[in-house]
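Have a look at the structure below, then the notes.
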Amino acid sequence: MTAFGVDHDDLWQLFKDQELTKMQEECLRLYRTKQFRSCEILAEMHRSGSRLRGEADDHFACRLMADCAFQQGQYVRARMLYQALYPVNESVYRWKEAQCLKELGSLVEGAAVLEHIPNRTMEMNMLLGILYAASSRSLDASRAFLEVLRQNPWALEALEHLAAIERVEKAHVVEALKTGIAMHNVDPKDHSDIFDLAAAMILSRKNQTASAIQVFEKLEEKYPSNTYFQQHVAILHIQNHDNGAAAQTFENIRKADPSIVDTMDRYAKVLCKKKDFNKLNELAESLMILDDQRPEAWNTLALYYDARGDKEKAITFVDKAISLNQRYAYSQILRGNIMLADKRPEHAAVSFFRAKDIYPDMDSMEGLVESYIGSGRNREAIASAKEAIAMAPRDPRALTLVGLALASGPGDPQEDVKHQGLEMAKRTLLKALAVHPGHNRALMALVDIHAQEKNYEACVGLLQKGLDGSIYAPKDPIDQAQILYRLGVMYSTAENYKEAIDVLQQASVLDPGLSDVQRQINRIEKIMRGLDPNETGDEIMEDSSPSMESPGGITADLPTEG
């Protein structure tokens, strides 16, 4: 059981000083072996017999019946039984009642029950923090989690929750850890790793990816092959637009422990970007076998079918993931991305907004801004982009979002106003590239603005600089292929057809799965022969996308319902 479930062993401790009858001993044995229904029946028999004999104390039977009801998912009944035990120990049974309310989804009521407990234990404060966080009461949640660390600095789950809360100051976390360590009468120098872990998590939350990676790698030197640290590093590599390093780190994790499910849907997204569909299929099959009650497995399956172009199945599977855990933000982000690609920006905005409400990060903000731009809600796009900048002032994605939002402004009757917005967008995007030369999206957005102004010469110049590393340093052959493809299109638009064909062929070599390359080449060759480029004739168009059919894999014929 987790820290918030009912501990199977505490009942023996609770009643160890009581002289137990044979029936009571059998109740405890049944409970310990998880025979909850049998235990419940026997406990009620014990209670009935006690009442018949005129014995007033039915604490034992009532507690057993309440715990059995909780274990069987009968949370309303369990809550009522715990409430009946208030006279025995109000603090303990308020905590038990709050657990029931959490399971019933009554988060505010559960928090209110816990708030009435004086001198809360670590477990109580942890549950209170989780209830606050789920109710979007971030300040109260941070206070509760900091109190957990003061009570036990090794309660690292509280550190995870604190790192997920915006505007939590490192100084407050360090103070709580120092207080907790002092209470345990140990030397803080002997536990510097906890402070390093706290620093790494907070740096990661503030989008200071390079610094966070350094701290996690320092921890890995002391604790080699630690998959927990490696998962954090892999996510940071994704944020740093280094899919190659992310993929290698995820492969190391799976090699060290093939049973890990956490973050594996993020690995699936990396495999999609690298167009490694065979590995994606294998990963989906593996995760479904490991645990089909986790959202990561269904998200991976959704990514697989989305890559195959089956949006309907992809949405079905991501909805299944959401139904399994409504507080898992990445499922909402994935749903939003699928909707956005399917040209349904209004629906995408709803998913990204939900993701932001659960865990406000750059992925949710990026999707929200793009959704607002796609649906013509330019004011909302600019407001959300500014919110992203406030969240991470030096993150190139935030700067790019501001540039995109400024460039998306509606055509203004006053052309100078529109021109002013585009110029501001250019400056912002150049700043994003200066901060992070590996940010593909900023380069492409800058090219889009110049193309919108029909300044194709500037587009070609930017893309050439991107290839030679002057303003952009692509870390992945697929990124390079995208630049070459765009350069080919721009050459074609500027009627430099020979150069266009050369770079398009280079793009095709780097990324054989890049869609539309062959169509562009065929179109240019027709123009060079003096033919109508829009006339298809009897020509057979080849699909350059690699086949993703999987012989025998579960993703080949999986039903659409979970």
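Within the range 498-526, can you find the residues that are open to solvent by less than 50 Å² (accessible area, probe 1.4 Å), in a helix (DSSP H, G or I) and either of a type outside the set (D, E, K, R) or at pLDDT 90 or above (or both)? Explain how you work it out, then say what you get.
Going residue by residue through the range 498-526, those that are open to solvent by less than 50 Å² (accessible area, probe 1.4 Å) are 500-501, 503-504, 507-508, 511, 513-514, 517, 520-522, 524, 526.
Those still in the list that are in a helix (DSSP H, G or I) too: 500-501, 503-504, 507-508, 517, 520-522, 524, 526.
Hits for the range 498-526 are ALA500, ILE501, VAL503, LEU504, ALA507, SER508, VAL517, GLN520, ILE521, ASN522, ILE524.
List the helices (runs of 4 or more DSSP H) inside the range 182-245, counting only whole elements, that have at least 2 residues being open to solvent by 40 Å² or more (accessible area, probe 1.4 Å) and polar (S, T, N, Q). Break it down into steps so the answer makes sense when it comes.
On the way: elements: 192-205, 209-222, 227-239.
Qualifying helices (runs of 4 or more DSSP H): 209-222.
Just to verify a result, which residue in the range 527-539, among those that are open to solvent by less than 80 Å² (accessible area, probe 1.4 Å) and out of contact with any helix residue (DSSP H, G or I) (no Cβ under 8 Å at 6 or more places or on another chain), is modelled with the lowest pLDDT?
Among those that are open to solvent by less than 80 Å² (accessible area, probe 1.4 Å) and out of contact with any helix residue (DSSP H, G or I) (no Cβ under 8 Å at 6 or more places or on another chain), it is GLY537.
Out of the residues in the range 28-46 that are under 19 Å from GLN18 (Cα atoms) and open to solvent by less than 40 Å² (accessible area, probe 1.4 Å), which is nearest to the chain's Cα centre (by Cα)?
Filtering the range 28-46 for residues that are under 19 Å from GLN18 (Cα atoms) and open to solvent by less than 40 Å² (accessible area, probe 1.4 Å), the one nearest to the chain's Cα centre (by Cα) comes out as TYR31.
Pick out the one residue from PHE229, PHE277 that is under 25 Å from ASN337 (Cα atoms) and among the aromatic types (Phe, Trp, Tyr).
PHE277
Inspect all residues belonging to the range 414-429 and state whether any of them is at pLDDT below 85 and either crowded, with 23+ Cβ neighbours inside 10 Å or of a type in the set (Ser, Thr, Tyr) (or both).
no
Tell me which residues, restricted to the range 64-98, are among the hydrophobic types (A, V, I, L, M, F, W, C) and outside any helix (DSSP H, G or I). Don't jump to the end; show me each part of the working.
Step one: filter the range 64-98 for residues among the hydrophobic types (A, V, I, L, M, F, W, C), giving 64-66, 68-70, 76, 78, 80-81, 84-85, 88, 92, 95, 98.
LEU85, VAL88, listed by residue number.
Working only within the range 364-388, note down all residues that are crowded, with 19+ Cβ neighbours inside 10 Å and under 15 Å from MET339 (Cα atoms). Give the steps one after another, and end with the answer.
Here is the first cut: in the range 364-388, the ones crowded, with 19+ Cβ neighbours inside 10 Å are 364-373, 381-382, 384-385, 388.
Passing the criteria: SER364, GLU366, GLY367, LEU368, VAL369, GLU370, SER371, TYR372, ILE373.
Let me confirm something: among ARG63, ARG53, ARG79, which residue is more than 29 Å from PHE145 (Cα to Cα) and either open to solvent by 70 Å² or more (accessible area, probe 1.4 Å) or in contact with a Phe, Trp or Tyr (Cβ under 9 Å, 6 or more places away or on another chain) (or both)? Talk me through it step by step, then tell me what you get.
Working: ARG63 fails: more than 29 Å from PHE145 (Cα to Cα); ARG79 fails: more than 29 Å from PHE145 (Cα to Cα).
After applying the criteria, what remains is ARG53.
Being of a type in the set (Asp, Glu), open to solvent by 30 Å² or more (accessible area, probe 1.4 Å) and under 23 Å from ARG254 (Cα atoms) is the filter here; which residues of the range 282-313 pass it?
Selection gives GLU282, GLU285, ASP291, ASP292.
Within the range 123-150, work out how many residues are open to solvent by 50 Å² or more (accessible area, probe 1.4 Å), over 18 Å from LYS170 (Cβ atoms) and not small (Gly, Ala, Ser). Give the steps one after another, and end with the answer.
Within the range 123-150, the first condition is being open to solvent by 50 Å² or more (accessible area, probe 1.4 Å), and the residues that meet it are 123, 136-139, 143, 147, 150.
Pick out the ones that are also over 18 Å from LYS170 (Cβ atoms) and you get 123, 136-137.
Those still in the list that are not small (Gly, Ala, Ser) too: 123, 137.
Residues meeting the conditions: 2.
Can you pull out the residues in the range 314-324 that are open to solvent by less than 40 Å² (accessible area, probe 1.4 Å) and under 15 Å from the mean Cα position of the chain (by Cα)?
Correct list: VAL318, ALA321, ILE322.
So which residues in the range 99-148 are outside any helix (DSSP H, G or I) and either within 22 Å of the chain's Cα centre (by Cα) or not aliphatic (A, V, I, L, M) (or both), if there are any at all? Talk me through it step by step, then tell me what you get.
So the first thing to find is which residues in the range 99-148 are outside any helix (DSSP H, G or I), and the list is 105-106, 116-121, 135-137.
Across the range 99-148, the qualifying residues are GLY105, SER106, HIS116, PRO118, ASN119, ARG120, THR121, SER135, SER136, ARG137.
Examine the range 252-266 for a residue that is among the basic types (Lys, Arg), closer than 28 Å to ARG441 by Cβ and in contact with a Gly (Cβ under 8 Å, 6 or more places away or on another chain), and state whether such a residue exists.
No - not one qualifying residue is present in the range 252-266.
Please determine, by comparing only the residues of the range 325-354 that are open to solvent by 10 Å² or more (accessible area, probe 1.4 Å) and in contact (Cβ under 8 Å) with a residue 40 or more places away in the chain, which one is farthest from LEU104 (Cα to Cα).
Looking at residues that are open to solvent by 10 Å² or more (accessible area, probe 1.4 Å) and in contact (Cβ under 8 Å) with a residue 40 or more places away in the chain, I get TYR330.
Identify the residue in the range 47-63 that is among the charged types (D, E, K, R) and assigned to a helix (DSSP H, G or I) and, among all such residues, is nearest to the chain's Cα centre (by Cα). Before the answer, list the steps.
The first filter runs over the range 47-63 and keeps only residues among the charged types (D, E, K, R), leaving 47, 51, 53, 55, 57-58, 63.
After this cut, where a residue has to be assigned to a helix (DSSP H, G or I) as well, the list is 47, 51, 63.
Numbers: ARG47: 48, ARG51: 53, ARG63: 38 Å.
Looking at the filtered set, the residue picked out is ARG63.
Checking GLU166 against (1) free of Cβ contacts under 8 Å to residues at least 40 places away in the same chain; (2) in contact with a Ser or Thr (Cβ under 7 Å, 6 or more places away or on another chain), which test does it fail?
Only one criterion in (1) free of Cβ contacts under 8 Å to residues at least 40 places away in the same chain; (2) in contact with a Ser or Thr (Cβ under 7 Å, 6 or more places away or on another chain) is unmet by GLU166, namely (1).
Looking only at residues in the range 246-276 that are open to solvent by 30 Å² or more (accessible area, probe 1.4 Å) and of a type in the set (Asp, Glu), which one is farthest from ASN299 (Cα to Cα)?
ASP257
From the set of residues in the range 101-112 that are at pLDDT 95 or above and either more than 26 Å from LEU156 (Cβ to Cβ) or of a type in the set (Lys, Arg) (or both), which is surrounded by the most Cβ atoms within 10 Å (Cβ to Cβ)?
LYS102
Pairs, please: C-beta under 6 Å, at least 6 apart or cross-chain, first residue under 21 Å from ILE483 (Cβ atoms) and in the range 515-535, second hydroxyl-bearing (Ser, Thr, Tyr) and assigned to a helix (DSSP H, G or I)?
Correct list of pairs: VAL517/SER508; ILE524/SER492; ILE524/TYR497.
The values are calculated or read from the model by the stated rules, or taken from the named source; none is laboratory data. Quick caveat: nothing in here was measured; it's all calculated off a predicted structure. Backbone-built Cβ (ideal geometry, glycine too); neighbour counts: all protein chains shown. In case anyone asks, the SASA skips ligands and DNA or RNA and just uses the protein heavy atoms, side chains included. Shrake-Rupley method; radii C 1.70, N 1.55, O 1.52, S 1.80 Å.
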